[in-house]
Structure formats: structure tokens, C-alpha cells
Amino acid sequence: MSAAGPLIRHRFETLADASEALAEAVAIRLRALVAVQGRALLAVPGGTTPARFLVALGAHDLLWESITLMPTDERFVAPDDQASNERMIRATFAPLREGRTPFVSFHNAGDDLAAAAASLDRVLKTLPPLDIVVSGMGADGHIASLFPGQTAALTAPASVHALAATPPDLPPRLSLSPARLQGAGHVALLISGREKEDVLASAVELPAAFPVGLLLSRPQGLDVYWAKA
């Protein structure tokens with residue numbers, strides 16, 4: 001196994017400051033990627049924490065038609081459901097809302113969770129590795145929809161690109177696989193609050209005990225944008 005790369009911490013007083021700084025850093029990377037390879041593939045999280053980041057990133061003047069966007073995961077609900085990550089991303093990210101950037105939807109693959117995961121996996125296998133992943137992290141150390149104790153998901157083989165997740169007491173979900181997340185060119189983690197900082201510190205000490213350890217163990221390293229509040 002390759003040694004873990006550097007863990008670079010960026011600390012901010014507010015989530016707004018962290019989000020703006022992360023958006024600037026991602027925009028710089030996207031601009032360089034498009035200039036060199038003519039396109040870029042970006043995965044972003046759902047939930048409430050990344051909304052400000054998505055607004056800020058969408059305000060940057062980039063060749064959005066050359067940048068393909070996808071969520072890191074999605075709840076297995078209708079795309080217009082209040083819980084849908086796609087709904088949140090479309091509402092907050094102007095280039096997508098305005099039809100200026102391609103998007104890989106995790107929806108439209110039927111009502112069967114396993115079949116939907118297989119369909120999404122086939123789609124992702126036609127795409128290159130992710131250039132950039134922006135991830136959130138739950139208070140239990142989960143990333144995307146890879147939760148503690150979900151052994152089958154956390155140990156999925158490298159040939160798997162998307163999978164179904166059925167965490168206990170939560171709605172079923174679709175998620176990028178460990179291999180897809182770990183194989184990205186660049187990964188940034190956006191978190192806020194003392195609780196999540198403590199969870200991350202525990203994961204640094206014992207990566208195998210937390211799904212976020214998948215990112216901490218990347219040989220390419222991990223950038224953490226942490227906000228005090």
C-alpha cells in the first residue's frame with residue numbers, strides 16, 4: 001500500500017470564509033485543467049454545508065461547458081425531493097441551473113436500488129477519473145454515502161465506480177465508490193465545527209476506523225478546509 005500523502009489544513013473563522021477560499025482554489029485548478037486537457041470532471045457534495053461553496057464557485061468565470069459536474073452521492077428519492085442532493089446543487093450552482101455545464105445525474109435509472117446502482121456504475125465507467133472531488137464529512141466520519149460499518153461498500157473492489165448504500169435508520173442512497181473517490185486527482189474536505197475537527201483528528205490517528213480515512217490515506221494527499229463555525 002502506498003504511503004499517505006500530505007494533509008494540508010486551511011483554517012477559517014467562518015464557513016463563509018472557508019467556502020470562498022475553497023471556491024477560489026477549485027476555480028484555479030479547473031481553469032488550469034481545462035487549459036491543459038480541454039475538459040475537467042468535478043464531484044461535489046450535497047447537504048447544507050457546501051451550499052455557500054457552490055454559490056461562490058458558480059460565480060467564477062470559467063469555461064463551464066468544458067467542466068462536467070456530478071454529486072458525490074445521492075439519496076434514493078425523486079430529483080425534486082427536498083432531500084435530493086441534485087435538487088440542492090441545481091438550486092445553488094448557477095452554471096448548472098442555467099444549463100451551462102454538463103451534469104451526471106444519479107437519477108433516471110428506475111425504482112430498484114440495485115439496478116440503479118448498476119446503471120450508474122456503467123455510466124461512470126465510460127468517464128475518465130475525477131479531476132477534483134470536494135467532499136463533506138458527517139459527525140460519524142462518513143463521506144459521500146460511505147458510512148461506518150458498511151463493510152461491503154467500504155471494501156468494494158477497484159472495478160466498482162458506483163454502489164448502493166443502505167445505512168441503518170437512513171434512506172437508501174447511491175454513492176461514488178471508494179476507488180472513484182480515492183483515485184481523483186485532487187480532493188478537498190470541507191467541514192465546520194469543533195465536533196467534526198475532533199472526528200477528523202481521530203481518523204488521522206486511526207484511518208481504518210472511519211470512512212474519511214479513505215481520503216486521508218490517499219498518496220496524492222488531502223486538503224482540509226475547516227471553519228470554526
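Of everything in segment 187-229, what is farther than 16 Å from Thr72 by Cβ, in contact with a strand residue (DSSP E or B) (Cβ under 7 Å, 6 or more places away or on another chain), crowded, with 19+ Cβ neighbours inside 10 Å and not aliphatic (A, V, I, L, M)? Give them in sequence order. Scanning segment 187-229 gives Ser192, Trp226. Mind listing whichever residues of segment 28-64 are part of a helix (DSSP H, G or I) and either of a type in the set (Val, Ile, Thr) or within 16 Å of Thr92 (Cα to Cα) (or both)? Residues satisfying the conditions are Ile28, Val34, Val36, Ala51, Arg52, Phe53, Leu54, Val55, Ala56, Leu57, Gly58, Trp64. Scanning segment 156-175 for residues that are closer than 18 Å to Asp140 by Cα and either crowded, with 19+ Cβ neighbours inside 10 Å or not charged (D, E, K, R) (or both) yields a count of 9. Looking across segment 1-27, just one residue is part of a loop (DSSP other than H, G, I, E, B), at pLDDT 95 or above and within 24 Å of Pro219 (Cα to Cα), and that is Pro6.
When Leu41, Leu7, Leu63, Leu30 are checked against the criterion of being surrounded by fewer than 17 Cβ atoms within 10 Å (Cβ to Cβ) and farther than 17 Å from Val224 by Cα, a single residue qualifies: Leu63. Here's a check for you: in segment 77-92, which residue that is touching a residue at least 12 places away in the same chain (Cβ under 8 Å) and touching an Asp or Glu at 6+ places or on another chain (Cβ under 9 Å) is surrounded by the most Cβ atoms within 10 Å (Cβ to Cβ)? Among those that are touching a residue at least 12 places away in the same chain (Cβ under 8 Å) and touching an Asp or Glu at 6+ places or on another chain (Cβ under 9 Å), it is Asn85. Taking the criterion of being in a helix (DSSP H, G or I) and within 19 Å of Ser145 (Cα to Cα), the residues of segment 81-99 that qualify are Asn85, Glu86, Arg87, Met88, Ile89. Among the residues of segment 2-43, those identified as farther than 24 Å from Ile191 by Cβ and without any contact (Cβ under 8 Å) to a residue 12 or more places away in the chain are Ala32, Ala35, Val36, Gln37.
The values are calculated or read from the model by the stated rules, or taken from the named source; none is laboratory data. Please read these numbers as outputs of a predicted model, since none were measured by experiment. Positions of Cβ are backbone-derived with ideal geometry, glycine not excepted, and every protein chain shown enters the neighbour counts.
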